[in-house]
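Q: Can you read through this structure? Questions will come right after.
Taken together, the values in this text are just the output of simple stated rules run on the coordinates, not laboratory data. As the structure is a computational prediction, the values presented were derived from the model and not from experiment. With ideal geometry, Cβ positions are generated from the backbone for all residues, glycine too; neighbour counts draw on all protein chains shown.
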Amino acid sequence: MTILRFLARRLLYSLVVLVGVLILVFALAHLVPGDPVRIALGTRYTPEAYDALRHASGLDRPLPAQFVSYLGHAATGNLGVSFRNGDPVAQVLAERLPATVSLAVVGIVLALVVALPAGIYAASHEGRLSDLIVRVTSQFGVSIPDFWLGILLISLFSTTLGWLPTSGYRPLFDDPAGWLRHVILPGLTVGLVAAAIMTRYVRSAVLEVSAMGYVRTARSKGLPPRVVTLRHVVRNALVPILTITGIQLATILGGVIVVEVVFAWPGLGRLVYLSVAARDYPVIQGAVLLIAVLFLAVNLVVDVLYALVDPRIRLS
Amino acid sequence: MKRPANPVTVLSAGVVVAAVVVAVGAGWLVPYGINDVDVPQALRPPSGAHWFGTDELGRDVLSRVLTGLQASMTVAVVSVVCAAVVGTALGVTAGYRGGWLDTVVMRVVDVMFAFPVLLLAMAIVAVLGPGLGTTIAAISIVYVPIFARVARASTLAVREEPYVAVSRTLGTGTAYIVARHVLPNITGPLIVQTSLSLAFAILSEAALSFLGLGIQPPQPSLGRMIFDSQGFVTLAWWMPVFPGVAIVVIVLACNLLGDGLRDVLDPKQRTMIEARRRS
């Protein structure tokens with residue numbers, strides 16, 4: 001019963017935020033200086049074409065009516081058509097989503113592979129030189145611009161050594177080997193920056209659990225340090241680690257814009273970049289909405305998992 | 001008992017102060033004009049005449065890095081100060097007043113948190129058009145919610161303190177209580193947040209400029225210098241390396257300073273760290 005009430009409350013909260021997101025995304029197109037219909041028509045402008053497009057897109061109706069119809073359309077997956085080529089925005093987004101998701105998943109997996117052992121090792125050697133090295137390295141990683149890291153990786157592994165392609169993309173299911181060769185460098189770029197952030201969280205989560213009474217009890221019982229760390233510390237630290245993993249995944253999904261541009265990776269981020277340059281507002285609106293919804297969805301899933309794993313959360 | 005200063009924090013503060021001094025004095029420090037084209041001297045490696053080498057047009061990379069640093073610091077400082085002022089005002093008002101105002105402000109903050117920082121900044125630039133002013137506006141708007149959350153959380157704690165309750169019982173006005181009791185007691189977390197936000201603001205500005213949406217040419221920016229260097233990385237390593245190192249050094253210093261200040265200014269966290277060390 002409690003878990004159901006928690007789920008209902010959390011879902012309601014997400015819906016409230018989603019409505020806010022929709023209002024903001026809707027407002028985006030109306031804040032643009034100049035007339036979007038004139039921008040859309042460009043050189044094809046005639047007074048008749050202007051009136052026709054204005055009526056067809058509903059822009060001659062009052063704002064609240066426009067918002068309600070926008071909500072209705074968004075709910076059915078109709079996000080309008082691209083100003084650039086007339087393609088349905090939903091279709092354009094659907095084509096780009098797999099590239100971004102695959103890059104984000106590779107990035108988060110690489111980040112976990114680095115951050116989990118590094119954070120646990122640093123925490124279990126707190127105050128020693130190895131801890132200092134891990135902390136300084138992760139601070140350094142947090143401070144590196146991802147696009148700069150990407151360019152340095154390309155110059156080393158592609159241009160100088162010739163091991164990997166400089167840019168581009170192959171769909172995972174059409175050409176798995178090609179996909180892997182192309183995803184390594186952008187994945188490393190995304191993963192190393194995320195690893196730097198996550199190492200700090202893993203280290204502090206493990207340290208916090210290490211200070212608990214039951215860990216001291218386990219130690220005083222004479223259990224070997226490795227068993228204490230793995231069975232008592234890491235297992236309990238997994239809850240906050242799960243949260244930061246979810247937050248990082250959501251951040252990567254929306255934050256890989258620059259990395260996608262550097263590696264010509266045809267995902268949502270590069271789409272936003274190209275659409276901003278072309279002032280293609282329906283696509284910008286659609287992509288921003290999709291990324292915000294993905295962000296909310298990942299956070300919702302993390303919160304639900306959190307509540308399932310730790311009963312204190314849903315009872316508080 | 002006075003705690004000895006952490007040498008890393010002192011060093012970071014020194015780097016941040018040096019960066020501010022360089023940013024302010026960049027106009028006098030640059031050895032060459034930022035747009036002095038000298039094609040015969042193009043792509044020259046670092047030397048006595050050009051410490052950071054020259055770019056594809058023979059322009060002095062050091063002069064451009066110093067001027068780019070000035071632009072980055074200007075954008076970061078102005079936008080973080082704006083975000084801190086607006087965010088603190090919103091957070092303190094929401095936290096102190098409570099009720100529907102608190103609910104509305106915090107839901108707006110939640111909505112803004114649903115957008116990744118760079119995406120929101122790009123959407124704002126898409127609406128307002130690229131440029132220095134827009135970059136400052138975009139980064140300010142993006143960082144307001146962070147300050148609002150920090151200020152609200154701290155205000156909620158201070159609001160319940162006995163000295164605030166006594167002051168309220170004595171009939172003191174809200175404005176006076178906020179100015180005299182609340183604000184001075186929430187500055188610690190806000191200073192920490194300012195330092196950390198400066199680091200992220202510099203990274204955000206660099207990313208926007210890299211994408212051509214921030215500071216516009218011919219004004220140099222560190223992000224755009226890295227973008228322009230992409231075709232010359234193997235010919236002239238100094239073109240991407242020096243602007244990148246400038247960003248990393250200043251961002252690292254701001255991050256380390258923020259961490260150091262947190263240890264000093266956030267007594268709760270400090271107590272936890274010391275308790276753990278003793279146990």
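Q: How many Cβ atoms of partner chains, on average, are near each residue of A:251-262 if near means within 10 Å of its Cβ? The partial results should precede the final answer.
A: Values: counts 3, 1, 2, 7, 5, 2, 7, 9, 0, 0, 5, 4.
The shielding value for this peptide is 4.
Q: Among A:LEU230, B:LEU43, B:LEU252, which comes first, then next, by fewest other beta-carbon atoms within 10 Å? Could the numbers behind the result be given before it?
A: Values: A:LEU230 12, B:LEU43 16, B:LEU252 20.
By the 10 Å Cβ count, ascending, the order reads A:LEU230, B:LEU43, B:LEU252.
Q: Now a separate question. For a quick size check, give me the Cα extents of chain A along its three principal axes, largest first, whole Å.
A: Principal extents (largest minus smallest coordinate, Cα): 86, 60, 35 Å.
Q: Are there trypsin sites (Lys or Arg not before Pro) in the stretch A:12-97 that DSSP marks as loop and that have at most 16 other Cβ atoms within 10 Å, and which are they? Show your work: numbers first, answer last.
A: Working: sites: A:ARG38, A:ARG44, A:ARG54, A:ARG84, A:ARG96; in loops: A:ARG84.
Sites meeting the loop and neighbour criteria: A:ARG84.
Q: Based on Cβ point charges of +1 for Lys and Arg and -1 for Asp and Glu, what charge dipole magnitude is obtained for the stretch A:157-316 about its Cα centre, in debye rounded to the nearest 20?
A: Details: 14 positive and 7 negative charges, 185 e Å.
Around 880 debye, computed over the stretch A:157-316.
Q: What is the Cα centroid distance between the stretch B:153-211 and the stretch B:49-118, reported in whole angstrom?
A: Value for the Cα centre distance between the two parts: 17 Å.
Q: Between A:VAL81 and residues 5 or more places away or on another chain, which pairs have amide H atoms under 5 Å apart, with H built 1.01 Å from N, and which residues are they?
A: So A:VAL81 has HN proximity to A:VAL89.
Q: Within chain B, which complete DSSP H helices have Cα atoms spanning at least 15 Å along the helix axis and a mean Kyte-Doolittle hydropathy of -0.5 or higher?
A: B:7-29, B:61-97, B:99-113, B:117-128, B:132-159, B:183-210, B:238-265
Q: Arrange B:ARG180, B:ARG224 by Cβ neighbour counts within 10 Å, fewest through most, would you?
A: Numbers: B:ARG180 15, B:ARG224 24.
With the fewest neighbours first, B:ARG180, B:ARG224 line up as B:ARG180, B:ARG224.
Q: Once you average over the residues of A:225-236, how many Cβ atoms of partner chains fall within 10 Å of each Cβ?
A: On the way: counts 0, 0, 0, 0, 0, 0, 0, 0, 0, 0, 0, 0.
Taking all residues of A:225-236 together, the mean is 0.
Q: Just report the Cα centroid separation between the stretch A:194-251 and the stretch A:56-101, whole Å.
A: Their Cα centres are 44 Å away from one another.
Q: What ranking of A:ASP174, B:ASP110 emerges when the number of other C-beta atoms within 10 Å of each C-beta is taken as an exposure proxy, fewest first? Kindly include the intermediate steps, with their values, before the conclusion.
A: Numbers: A:ASP174 8, B:ASP110 18.
By the 10 Å Cβ count, ascending: A:ASP174, B:ASP110.
Q: Evaluate the charge dipole of the stretch A:5-59 about its Cα centre and quote only its size in Debye, nearest 20, assuming +1 on the Cβ of each Lys and Arg and -1 on the Cβ of each Asp and Glu. Could you put the intermediate results ahead of the total?
A: Details: 6 positive and 3 negative charges, 98 e Å.
Charge dipole of the stretch A:5-59: 460 debye, to the nearest 20.
Q: With helices defined as uninterrupted DSSP H runs, which ones in chain A have an alpha carbon span along their own long axis of at least 27 Å and mean Kyte-Doolittle hydropathy of at least 0.5? Spell out each step's value before the answer.
A: Values: long enough: A:2-31 (43 Å, 1.97); A:89-124 (50 Å, 1.74); A:176-210 (44 Å, 0.98); A:235-255 (29 Å, 1.17); A:281-309 (42 Å, 2.21).
What comes out of the filter, once short or polar helices are dropped, is A:2-31, A:89-124, A:176-210, A:235-255, A:281-309.
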